[in-house]
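Enquirer: Okay, here's the structure, questions in a sec.
The values are calculated or read from the model by the stated rules, or taken from the named source; none is laboratory data. From a predicted model like this one, the values you see are computed outputs, not experimental measurements. Here the Cβ positions follow ideal geometry from the backbone for every residue, glycine too, while neighbour counts run over all protein chains shown. Side chains are part of the model used for accessible areas, which takes the heavy atoms of the whole protein and leaves out ligands, DNA and RNA. Shrake-Rupley method; radii C 1.70, N 1.55, O 1.52, S 1.80 Å.
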Amino acid sequence: MQRRTVVKGLSAAAAAVPAVGFASSARAASRVSAADALVFDPSAYTEQTVTITDATGTAHEVVYRFYKVASYVANPVDAAYQSLNVCVPVKIDGTAVDASGAPILLANAVGGYMPSSVAAKTGITATGMGGATTRQALALAAGYVVVEPGARGRTLVDASGVYYGVAPAAIVDLKAAVRYLKSNKGRVPGNVNRIVSSGVSAGGALSSLLGASGDSPLYEPYLEAIGAADASDGIFAVGAWCPITDLEHSDMAYEWCWGGNKLASGALADQALSAELKTAYADHVASLGLRAKGYGRLTARNLDDYLLRTFMEPSATKYLAGLSDSARSAYLAANPFITWSGGKASFTWADFLTHVGARRKSVPSFDTFDMASPENNLFGTGTTRARHFTLWSLRKQNGDSARLDEDIPEKLALMNSMYHLVDKVNSKRTKHWWIRLGTNDTDTSHTIAGNLHARLVQLGDDVNTSYYWDAGHGADQDPGDFVRWIGEVSGYRSKVRQ
Ligand code: DHB
């Protein structure tokens, strides 16, 4: 242990002088070089040109500066994941662009809580699945700065068998990336006070968590351990597609939502287990104290109606209104459960569930008995690959006196957006939210995003939530609208036509 000499009258930090001179100066030196390592070099770029097709189908030639930051932390555990790339547009369709005050899209590419590396990337990815223009490319073509951060993920294991990417590594890394950008205010291109995070599924959950938990002291020891820059990790806005968050309540929420839907095999999931979880969910919803206009308190009894009227019917209405008369008639003939009247779609929750069809996951869907789910691995620790993280599943397996590992409650809080919005309301959270999902997405319960939306509205935040009708997991059908929304909420007038 270090001996310290306390000098009266000085602040605690200044007074804590290490007694051993050599160790002290060595540490001071390493602190200086660590700080230097976190200085962004505005001149260290390559210039690249890419053709980007915008949301209206128009192609743009974009010249941009591409920066590779070897690590956004001073003590990386694995720099292959704890690194980031920055893309800054300088010329669009032959016209010079000044992105120095532009919003920054912080686009994570996490899926399945797996590790995500950008270290080998040599430029922006202009097109993604099916040849569609990526969200990042649309943002770049709109004149925004795009930052792509890597992050550790659950499967990473070192030579001694230690899992070093399990919870809370990914969110700690994304926070460290934000701190890196903010500590480089004025050096890093773009407006670091207008960072907008985006992500899909596990990445959507992390995006919403990044926004919900901004500047929470809970993460401090983890950030300190990896040498994160000394700056705020609060962000301005969140884009979250099908966020797989609130993991410790997902099993019960899933049965409340999809309990009566058959599995892909055609069989029902175990209905006794399903009913138990569904019953438990009623207590949980009550404990959240959610309220919504026209409903008062949201409970397990009116949540279906809330979801139906707030999201599902408007989603179907938008979809049907966008069809030609003949296509709409054909769709309605094939789907007689929908009443189309006065330009509005209506139907029952039960018919909606039948329409969605097979549930993707069995029961329990997240904290599975065999501990083979991504989430069991996410809550692994040390050399233990996977653990139970709900008392319900643990006790089903190990008996009624079983106890969760002591560190689990804190890990759950560190990973759950709702913790920072309900249990401990974080005033430093993001106030602008873009939430998107497909109505056919059965990777988690519709109440996960539904409750997130309800809570944010209740807190008075600016929330733009919409469901894509008949779309599945990971859908993004209005990326151009998202890019426009970034401009609107950040008050940025791009010189680029969109
Ligand atoms: C993802 C999907 C899941 O069903 C899940 O449990 C976790 C993550 C994903 O697509 O990222």
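Enquirer: Would you mind telling me which numbered condition in (1) at positive phi; (2) buried (at least 21 other Cβ atoms within 10 Å of the Cβ) residue 307 fails?
Expert: It fails just one condition, (1).
Enquirer: Evaluate the following for residue 292: is it among the hydrophobic types (A, V, I, L, M, F, W, C), in contact (Cβ under 8 Å) with a residue 12 or more places away in the chain, open to solvent by 40 Å² or more (accessible area, probe 1.4 Å) and out of contact with any strand residue (DSSP E or B) (no Cβ under 8 Å at 6 or more places or on another chain)? Let's see the steps before the verdict.
Expert: Details: among the hydrophobic types (A, V, I, L, M, F, W, C): yes; in contact (Cβ under 8 Å) with a residue 12 or more places away in the chain: yes; open to solvent by 40 Å² or more (accessible area, probe 1.4 Å): no; out of contact with any strand residue (DSSP E or B) (no Cβ under 8 Å at 6 or more places or on another chain): yes.
Criteria not met by residue 292.
Enquirer: Separate question: For the stretch 353-458, list the helices (runs of 4 or more DSSP H) that sit wholly inside it and hold at least 2 residues that are out of contact with any strand residue (DSSP E or B) (no Cβ under 8 Å at 6 or more places or on another chain) and within 14 Å of the ligand (Cβ to nearest atom); which are they?
Expert: The qualifying helices (runs of 4 or more DSSP H) are 374-378.
Enquirer: Which pairs have Cβ atoms under 8 Å, sit 6 or more apart or on different chains, and link a residue in the stretch 335-347 that is assigned to a loop (DSSP other than H, G, I, E, B) to one that is polar (S, T, N, Q)?
Expert: 337/348; 337/354; 338/346; 343/317; 347/339
Enquirer: Looking at the stretch 27-66 only, could you name the residues that are among the hydroxyl-bearing types (Ser, Thr, Tyr), at pLDDT below 95 and in contact with a helix residue (DSSP H, G or I) (Cβ under 8 Å, 6 or more places away or on another chain)?
Expert: 56
Enquirer: Name the single residue, out of those in the stretch 247-260 being open to solvent by 10 Å² or more (accessible area, probe 1.4 Å) and in contact with a helix residue (DSSP H, G or I) (Cβ under 6 Å, 6 or more places away or on another chain), that is farthest from residue 355 (Cα to Cα).
Expert: 248
Enquirer: If you don't mind, there's one more thing I want to ask. Scan (1) buried (at least 17 other Cβ atoms within 10 Å of the Cβ); (2) not in a helix (DSSP H, G or I) for the single condition residue 485 breaks and write down its number.
Expert: (2)
Enquirer: Provide a single number: the residues in the stretch 222-249 that are more than 20 Å from residue 109 (Cα to Cα) and within 16 Å of the ligand (Cβ to nearest atom).
Expert: Here is the first cut: in the stretch 222-249, the residues more than 20 Å from residue 109 (Cα to Cα) are 222-232, 248-249.
Within this subset, residues satisfying the condition of being within 16 Å of the ligand (Cβ to nearest atom) are 248-249.
The total comes to 2.
Enquirer: Tally the residues that are over 10 Å from residue 365 (Cβ atoms), within 16 Å of the ligand (Cβ to nearest atom) and not in a loop (DSSP other than H, G, I, E, B), restricting the search to the stretch 258-274.
Expert: So the count comes out to 1.
Conditions tested, residue by residue: (1) within 23 Å of the chain's Cα centre (by Cα); (2) touching a residue at least 24 places away in the same chain (Cβ under 8 Å).
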residue: 59; (1), (2): no, no
residue: 66; (1), (2): no, yes
residue: 99; (1), (2): no, yes
residue: 102; (1), (2): yes, yes
residue: 129; (1), (2): yes, no
residue: 154; (1), (2): yes, yes
residue: 165; (1), (2): yes, yes
residue: 172; (1), (2): yes, yes
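Enquirer: Do you know which residues across the stretch 231-243 are of a type in the set (Phe, Trp, Tyr) and surrounded by fewer than 24 Cβ atoms within 10 Å (Cβ to Cβ)? Even if it seems obvious, please write down each step before you answer.
Expert: Start the filter on the stretch 231-243 by keeping residues that are of a type in the set (Phe, Trp, Tyr), which leaves 236, 241.
236 - this is the single residue of the stretch 231-243 that is of a type in the set (Phe, Trp, Tyr) and surrounded by fewer than 24 Cβ atoms within 10 Å (Cβ to Cβ).
Enquirer: Looking at the stretch 87-137 only, could you name the residues that are hydroxyl-bearing (Ser, Thr, Tyr) and closer than 16 Å to residue 196 by Cβ?
Expert: 134
Enquirer: With the requirement that a residue be of a type outside the set (S, T, N, Q) and open to solvent by less than 30 Å² (accessible area, probe 1.4 Å), what does the stretch 383-398 give you?
Expert: Within the stretch 383-398, 386, 387, 388, 389, 394 qualify.
Enquirer: Still on this structure, I have one more. Take the conditions part of a helix (DSSP H, G or I) and either touching a residue at least 24 places away in the same chain (Cβ under 8 Å) or in contact with a strand residue (DSSP E or B) (Cβ under 8 Å, 6 or more places away or on another chain) (or both) and apply them to residue 472. Does it pass?
Expert: Against the criterion (part of a helix (DSSP H, G or I) and either touching a residue at least 24 places away in the same chain (Cβ under 8 Å) or in contact with a strand residue (DSSP E or B) (Cβ under 8 Å, 6 or more places away or on another chain) (or both)), residue 472 does not qualify.
Enquirer: Of these, 119, 177, which one is open to solvent by 30 Å² or more (accessible area, probe 1.4 Å), touching a Phe, Trp or Tyr at 6+ places or on another chain (Cβ under 8 Å) and closer than 17 Å to residue 70 by Cβ?
Expert: Details: 177 fails: open to solvent by 30 Å² or more (accessible area, probe 1.4 Å).
One residue alone meets the criteria, 119.
Enquirer: Could you say whether any residue in the stretch 423-444 is closer than 24 Å to residue 217 by Cα, β-branched (Val, Ile, Thr) and surrounded by 17 or more Cβ atoms within 10 Å (Cβ to Cβ)?
Expert: yes
Enquirer: Out of (1) of a type in the set (Gly, Ala, Ser); (2) open to solvent by 20 Å² or more (accessible area, probe 1.4 Å); (3) within 18 Å of the chain's Cα centre (by Cα), what's the single condition that is false for residue 449?
Expert: (2)
Enquirer: Further question: Out of (1) within 16 Å of the ligand (Cβ to nearest atom); (2) β-branched (Val, Ile, Thr); (3) touching an Asp or Glu at 6+ places or on another chain (Cβ under 7 Å), the odd one out for residue 51 is which?
Expert: (1)
Enquirer: I want to confirm something. Restricting to the stretch 38-80 and keeping residues that are open to solvent by 50 Å² or more (accessible area, probe 1.4 Å) and among the hydroxyl-bearing types (Ser, Thr, Tyr), which single residue is farthest from residue 166 (Cα to Cα)?
Expert: Top of the filtered list is 58.
Enquirer: Would you pick out the residues in the stretch 322-350 that are closer than 23 Å to residue 465 by Cβ and open to solvent by less than 60 Å² (accessible area, probe 1.4 Å)?
Expert: Within the stretch 322-350, 323, 338, 343, 345, 346, 347, 349 qualify.
Enquirer: Please state which one of 102, 151, 107, 132 is farther than 26 Å from residue 165 by Cβ and open to solvent by less than 10 Å² (accessible area, probe 1.4 Å).
Expert: None of the others qualify; the one that does is 102.
Enquirer: For the stretch 219-230, how many residues are open to solvent by 50 Å² or more (accessible area, probe 1.4 Å) and in a helix (DSSP H, G or I)?
Expert: The total comes to 5.
Enquirer: Give the stretch 208-218 a look and list any residue that's crowded, with 20+ Cβ neighbours inside 10 Å and of a type in the set (A, V, I, L, M, F, W, C), or say none.
Expert: Applying the first criterion (crowded, with 20+ Cβ neighbours inside 10 Å) to the stretch 208-218 yields 208-214, 216.
Within the stretch 208-218, 209, 210, 212 qualify.
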